[in-house]
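Reading through the structure tokens given below for one structure.
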Amino acid sequence: MRDYKKTIRAFTLVELMVTLAVATILITIAVPSFTSMYEASRSDSAIRNIQQSLTVARSHAVSYGAIVTVCPLSGTSCGTDWQNGYSIFIDNGTIGTLDSTDGVTDQVIREVDAFNSNDFVSYALSSISFSPEGMLTGISSGANRQIVYCPSSKTNEHSKAIDIISSGKVRTSTATGLSCS
């Protein structure tokens, strides 16, 4: 009769500890680059969302022959905290106020939710209004405006901006060194 020996195949405790140590070192090196990649992606997504919203507002202004305003509403008037989201509405009455004038009530076209709570959005004015011709209203001729989105800090390297030209054209900015101060 034959004598069979049972062989057990498994990892030793030392092998397991070495594997865990190597994995920990690799994760420690990789995590900061994932954070940077996440900030860049978040910034790209947010700035694209803002650009699309402004394009929709301008398109509605031209299509409906009305003034369309984009602003962060605080009650029924435009506020200054763009980070908490904004609304797009047909502005029939007082510019920058969601109201009813001569029996015509302003109509909300779209509401955009708040951005990431760690991020910053900077714009010099409380609202952006497009005329029925698709041009910016309320700014001097030739003046341009810029909305800046900064992920995680006001001077993040992944900050992005939208340029709004007085003619109403909206485009992604090529500027570098942007700040949300």
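Can Ala46 be described as open to solvent by less than 40 Å² (accessible area, probe 1.4 Å) and either part of a loop (DSSP other than H, G, I, E, B) or over 19 Å from Asn116 (Cα atoms) (or both)?
No, not satisfied.
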Review point. Within the stretch 58-67, can one find any residue that is touching a Phe, Trp or Tyr at 6+ places or on another chain (Cβ under 6 Å) and farther than 24 Å from Ser117 by Cα?
Key: yes
Review point. So Ser166 clears everything in (1) open to solvent by less than 30 Å² (accessible area, probe 1.4 Å); (2) within 19 Å of Asn84 (Cα to Cα) except one condition, right? Which one?
Key: (2)
Practice item. Scan the stretch 52-62 residue by residue and report those that are of a type in the set (S, T, N, Q) and surrounded by 19 or more Cβ atoms within 10 Å (Cβ to Cβ). Key: Ser53
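Rundown of residues vs (1) at positive phi; (2) of a type in the set (D, E, K, R); (3) in contact with a helix residue (DSSP H, G or I) (Cβ under 8 Å, 6 or more places away or on another chain), yes/no style:
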| residue | (1), (2), (3) |
| --- | --- |
| Val14 | no, no, no |
| Ser41 | no, no, no |
| Ile47 | no, no, no |
| Gln52 | no, no, no |
| Ala66 | no, no, yes |
| Cys71 | no, no, no |
| Asp91 | no, yes, no |
Check your understanding: Wholly within the stretch 63-162, which strands (runs of 3 or more DSSP E) include no fewer than the required count, namely at least 3 residues that are out of contact with any Asp or Glu (no Cβ under 7 Å at 6 or more places or on another chain) and either open to solvent by less than 80 Å² (accessible area, probe 1.4 Å) or in contact (Cβ under 8 Å) with a residue 60 or more places away in the chain (or both)?
Key -> 107-112, 120-122, 145-150
**Study point:** Failed item, numbered, when Tyr38 is tested on (1) open to solvent by less than 70 Å² (accessible area, probe 1.4 Å); (2) closer than 30 Å to Glu111 by Cβ
**Key:** (1)
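The values are calculated or read from the model by the stated rules, or taken from the named source; none is laboratory data. Note that the structure is a prediction, hence the values are computed from the model and not measured. Don't worry about glycine lacking a Cβ; one is built from the backbone with ideal geometry, like all the others, and counts go over all protein chains shown. Accessible surface areas use protein heavy atoms only, side chains included; no ligands, DNA or RNA. Shrake-Rupley method; radii C 1.70, N 1.55, O 1.52, S 1.80 Å.
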